[in-house]
1. Using Cα-Cα distances under 8 Å and only pairs 6 or more residues apart, what relative contact order does the chain have, in percent?
2. What is the distance, in nm, between label points placed 7 Å from the Cα along the Cα-to-Cβ direction at residue 34 and at residue 9?
3. Can you give the FRET efficiency to the nearest 0.05 for residue 25 and residue 49, using r as the Cβ-Cβ distance and R₀ = 30 Å?
4. Could you work out [θ]222 nm for the chain from helices alone, using -39500 (n - 2.57) per DSSP H run of at least four and dividing by all its residues? Round to the nearest 500 deg cm²/dmol.
5. Against the globular-protein guess of 2.2 N^0.38 Å, express the Cα radius of gyration of the chain as a ratio, rounded to two decimals.
6. Once the Cα atoms of helix 32-42 and of the chain are each reduced to a long axis, what angle between those two axes, in degrees from 0 to 90 to the nearest 10, is obtained?
């Protein structure tokens, strides 16, 4: 995860997170999309303190990713 400073044309790393293997995710009953949505929801307060905007790759333009994030009461 990174924060982008559009005024200074730079990005600052916030956190590097190792993605679990497909096997690990399957054992937890999660898909990769579920896992990444969970990370965003868990860090909602911290992320919102930086910005109300979030940019993600087009791969994540899925209802399964968007719904948990937008339905979270802390967001």
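None of the figures in this text is laboratory data; all of them are computed from the coordinates on show. Please read all numbers here as calculations on a predicted model, not as lab measurements. Positions of Cβ are generated from backbone atoms using ideal geometry, with glycine treated the same way; all protein chains shown enter the neighbour counts.
1. Averaging sequence separation for qualifying contacts and normalising by length gives 26 percent for the chain.
2. According to this spin-label approximation, the distance is 4.3 nm.
3. Values: r = 29 Å, r/R0 = 0.96.
It comes to 0.55.
4. Values: 4 runs with 33 residues, N = 75.
Value at 222 nm, helices only: -12000 deg cm²/dmol.
5. On the way: Rg = 13.4 Å, N = 75, 2.2 N^0.38 = 11.3 Å.
Rg over 2.2 N^0.38 Å, computed on Cα atoms: 1.18.
6. Value to nearest ten degrees: 50.
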